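Q: Mind looking over this structure? Questions follow.
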Amino acid sequence: MTLWTDRVGPRTLDRLAGEVAPVDAPGVGAAAATGAGTSKATDERTSLTVEAPFTGEEIGAVPACDPADVEDAVRRARDAQHEWASLPLDRRTDVLSRFHDLVLDEREELLDLVAIESGKVRRDAFEEILDVATNARYYGSRAKEFLASRRRDGAMPLLTHTVEHRRPVGVVGVIAPWNYPLTLAVSDAIPALVAGNAVVLKPAEETPFTALRVAELLREAGLPDDVFQVVPGRGSEVGPALIDRVDHVSFTGSTETGRSVARRAGENLVDCSLELGGKNPMVVLADADLDDAVEGAVHGAFTNAGQLCISFERLYVEDGIYDAFLDRFAERTRSLRLDAALDYDVEVGSLASADQLEKVQAHLADAVEKGATVVAGGEARPDVGPYFFEPTILTGVAPEMDLASEETFGPVVAVHRVADAEEAVERANDSDYGLNASVWTGDGERGRELATRIDCGTVGVNDPYPATWASVDAPMGGMGDSGLGRRHGRQGLLKYTESQTVAEQRGPPIAVPRGVPGKWYARAMTAMMRVFKRVAEVR
Ligand code: NAD
């Protein structure tokens with residue numbers, strides 16, 4: 001019995017494969033992995049084989065959608081969306097409330113699925129459960145306020161009655177990466193759904209089963225058929241087909257792919273939000289609590305084996321604490337427990353694929369060849385699993401090394417000594433990216449002030465990322481090459497709506513009244529403009 005068959009089971013995988021939106025492809029699911037499927041199942045063109053990174057074995061397959069399938073899914077989503085949007089908001093938030101409870105109830109099975117298809121450890125997968133439940137609760141309770149029609153100042157006080165309404169855009173396409181298969185499948189879809197949109201999700205090729213389980217749970221929570229559909233498939237084929245048909249694209253993935261998504265969305269004149277890569281800095285000041293900073297660095301650099309968009313790959317440590325910090329950080333890093341297991345106690349899991357391992361090794365080899373020193377880790381661990389790599393600390397990283405500025409997206413962090421906080425901020429900002437950062441100090445006020453000078457969309461003070469990420473009432477996203485737009489908060493919902501302004505003029509029109517000489521009108525309006533300005537100034 002393998003790692004997964006006693007936990008998730010082939011029947012579950014078969015059932016989930018049948019959940020793929022419009023495709024009728026027999027012989028997929030777990031059967032395909034065992035060779036029991038039909039020829040269609042093993043046809044690379046029509047199915048996606050899913051591997052368990054912990055062991056490298058194939059666990060199953062799902063149908064691979066093509067552009068015609070995407071067209072069909074979006075058409076059906078469009079049909080279903082009208083009725084969904086016409087339901088009273090309470091009916092839509094009720095679905096979110098039930099979904100929230102189901103995610104918590106089905107926690108253990110979801111964690112198994114996430115861990116099996118992504119290779120992450122259970123404690124990291126659990127962060128995804130918390131995230132999804134938090135978003136469901138937040139948007140369920142705040143949607144009414146965010147979507148309410150609002151009175152706006154009219155053009156002519158008292159005479160113009162102006163109201164801003166919010167309407168769903170229609171069908172939202174969500175394109176997700178593999179590193180957080182649960183969170184990134186649904187947390188950005190939640191505000192889209194509650195706003196009255198339908199969603200068509202393209203999960204990453206590597207992790208479709210979690211997304212399909214989400215579709216099942218949403219339906220169980222009461223979401224009408226076709227309002228949320230999953231179209232697994234190859235990114236270069238299904239991605240553009242989706243972008244060409246939807247009304248908003250919510251993309252999470254690499255900066256390189258994000259640029260092509262933005263170009264295509266721009267051609268189609270549809271809005272897009274882009275959550276992209278990072279090369280995130282952490283700053284440790286001399287007055288920081290050493291133990292807390294070390295734990296923060298371990299959490300911030302090695303969660304999900306470093307395959308986290310907001311994880312740290314650059315550490316800037318003030319001279320006064322540098323040696324003690326590096327010693328303690330290296331010691332703690334060497335002690336981390338790696339394992340290919342599904343229990344909560346394992347600290348570091350696998351990289352997600354052979355490609356990921358290759359990239360991490362290439363970055364490390366380049367750095368070492370150009371003079372970097374490995375202080376901890378540095379080795380692949382095929383004895384644990386085919387794609388395992390030790391959490392790794394480097395010093396002596398210089399600008400000419402690839403990993404100095406490019407995202408590694410693995411458990412490799414460079415530690416730099418800096419003279420003071422000013423140098424730390426300057427070097428933290430020396431990047432094209434601007435996703436997440438953190439500052440560690442014993443002086444919270446100083447930390448908060450420094451944070452505002454770092455060019456990143458989120459900055460934690462004495463916290464690596466959970467405090468900013470989980471503050472879902474506040475926007476989250478990237479500056480520079482790390483993205484466009486924001487998730488979370490009011491913005492995270494309103495981006496899935498069109499605003500509509502309705503203004504009723506209840507008195508004389510805003511035009512030269514009949515029979516009044518234009519010169520008099522201009523004079524009167526000029527005087528009125530001056531009064532309006534005074535009123536605005538004293539308001
Ligand atoms: P990726 O860009 O390769 O793929 C992301 C998704 O885009 C996948 O579903 C893929 O199939 C699809 N895709 C591929 N080509 C496409 C195309 N031409 N058009 C449309 N879609 C296409 O990224 P990845 O390797 O899966 O994920 C890792 C990257 O994601 C890292 O750079 C990481 O930093 C980033 N990420 C960012 C965030 C964030 O919130 N900012 C969160 C997680 C991951």
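The values are calculated or read from the model by the stated rules, or taken from the named source; none is laboratory data. Remember, it's a predicted structure, so these values are computed and weren't measured experimentally. All Cβ positions, even for glycine, are placed from backbone atoms using ideal geometry, and neighbour counts span all protein chains on display. Surface accessibility is based on the protein's heavy atoms, side chains included, excluding ligands, DNA and RNA. Shrake-Rupley method; radii C 1.70, N 1.55, O 1.52, S 1.80 Å.
Q: Quick one: accessible surface of Trp84, probe radius 1.4 Å, all protein chains present, in square angstrom to the nearest 10.
A: Counting only protein heavy atoms, the figure is 10 Å².
Q: Note the full-extension length gain between Lys370 and Glu406 as 0.36 nm times their separation in residues minus their Cα-Cα distance, in nm to one decimal.
A: Numbers: separation 36, 0.36 × 36 = 12.96 nm, distance 1.54 nm.
Result: 11.4 nm gained on full extension.
Q: Can you compute the FRET efficiency between Ser335 and Val538 using 1/(1 + (r/R0)^6), with r the Cβ-Cβ distance and R0 = 45 Å? Round to the nearest 0.05. Could you put the intermediate results ahead of the total?
A: Values: r = 64 Å, r/R0 = 1.41.
The computed FRET efficiency comes out at 0.10.
Q: Next up: What FRET efficiency comes out for the pair Ser254/Ala398, r = Cβ-Cβ distance, R0 = 30 Å, nearest 0.05?
A: Values: r = 24 Å, r/R0 = 0.82.
Efficiency, rounded to the nearest 0.05: 0.75.
Q: Right, another one. Determine which lysines satisfy two conditions relative to Lys533: a Cα distance under 22 Å, and not lying fewer than 8 residues away in the same chain.
A: Here the lysines satisfying the reach criterion relative to Lys533 are Lys519.
Q: With each label point set 7 Å from Cα along the Cα-Cβ vector, what nm distance links Asp319 and Tyr344?
A: For the pair Asp319/Tyr344, the computed spacing is 4.5 nm.
Q: Looking at region 65-275 only, what percent of DSSP beta bridges run antiparallel? Nearest 5 please.
A: 15 percent
Q: Sorting His363, His82, His299 by accessible area (1.4 Å probe), largest first, what list results?
A: On the way: His363 10, His82 120, His299 60 Å².
The residues order as His82, His299, His363, largest area first.
Q: If you don't mind, there's one more thing I want to ask. Please give the FRET efficiency for Arg530 paired with Arg152, using the beta carbon to beta carbon distance and R0 = 30 Å, rounded to the nearest 0.05. Show your work: numbers first, answer last.
A: Details: r = 22 Å, r/R0 = 0.74.
Calculated transfer efficiency: 0.85.
Q: I'd like the carbon and sulfur percentage of the solvent accessible area for the chain, probe radius 1.4 Å, heavy atoms only, ligands and nucleic acids excluded.
A: Numbers: 11000 of 22680 Å².
Here it works out to 49 percent.
Q: While we're on this one: Relative to the longest principal axis of the chain, what angle (0 to 90°, nearest 10) does the C-alpha long axis of helix 208-220 take?
A: The helix 208-220 is inclined about 50 degrees to the chain.
Q: Residue farthest toward the positive end of the dipole of the chain, with Cβ of Lys/Arg at +1 and Asp/Glu at -1: which of Ala64, Ala352, His82?
A: Farthest along the dipole direction, towards plus: His82.
Q: Separate question: To the nearest 10 degrees, how steeply does helix 319-334 sit against the main Cα axis of the chain, on a 0 to 90 scale?
A: 60 degrees
Q: Sorted by packing (mean other beta-carbon atoms within 10 Å per residue), highest first, where do 527-534, 455-462 land?
A: Descending mean neighbour count gives 455-462, 527-534.
Q: Tell me, in nm to one decimal, what length is gained between Arg11 and Asp90 on full extension, where the rule is 0.36 nm per residue of separation less the Cα-Cα distance? Write out the running numbers ahead of the final one.
A: Details: separation 79, 0.36 × 79 = 28.44 nm, distance 3.55 nm.
Taking 0.36 nm per residue and subtracting the Cα distance, the gain is 24.9 nm.
Q: On a C-alpha basis, how far is the centre of region 300-333 from the centre of region 340-399 in Å? Whole number, if you could?
A: 14 Å
Q: What order do Ile510, Ile454 take when sorted by accessible area (1.4 Å probe), most exposed first?
A: On the way: Ile510 90, Ile454 10 Å².
Greatest to least solvent exposure: Ile510, Ile454.
Q: Also, quick follow-up: Evaluate the distance, in nm, between pseudo-label points positioned 7 Å from the Cα of Gln505 and of Arg523 along their respective Cα→Cβ axes.
A: With each label placed 7 Å out from Cα toward Cβ, I get 2.3 nm.
Q: Same structure, new question: I'd like the orientation of helix 89-105 relative to the chain: the angle between its Cα long axis and the longest Cα principal axis, in ° from 0 to 90, rounded to 10.
A: Once rounded, one gets 10 degrees.
Q: Something else about it: Report, for the chain, the % of DSSP beta bridges that are antiparallel, rounded to 5.
A: Details: 28 of 66 bridges.
Just about 40 percent of them are antiparallel.
Q: Further, regarding this structure: What ranking of Arg107, Arg259, Arg213, Arg448 comes out by heavy-atom accessible area, probe 1.4 Å, highest first?
A: Values: Arg107 90, Arg259 125, Arg213 15, Arg448 145 Å².
Descending accessible area places them as Arg448, Arg259, Arg107, Arg213.
Q: Next question. How much accessible area does Trp178 have with a 1.4 Å probe, in Å² rounded to the nearest 10?
A: 40 Å²
Q: Still on this structure, please answer the following. Can you compute the helix-only [θ] at 222 nm over the chain? Use -39500 (n - 2.57) per DSSP H run of at least 4 residues, normalise by all residues, nearest 500 deg cm²/dmol.
A: On the way: 21 runs with 233 residues, N = 539.
Only helices count here, giving -13000 deg cm²/dmol.
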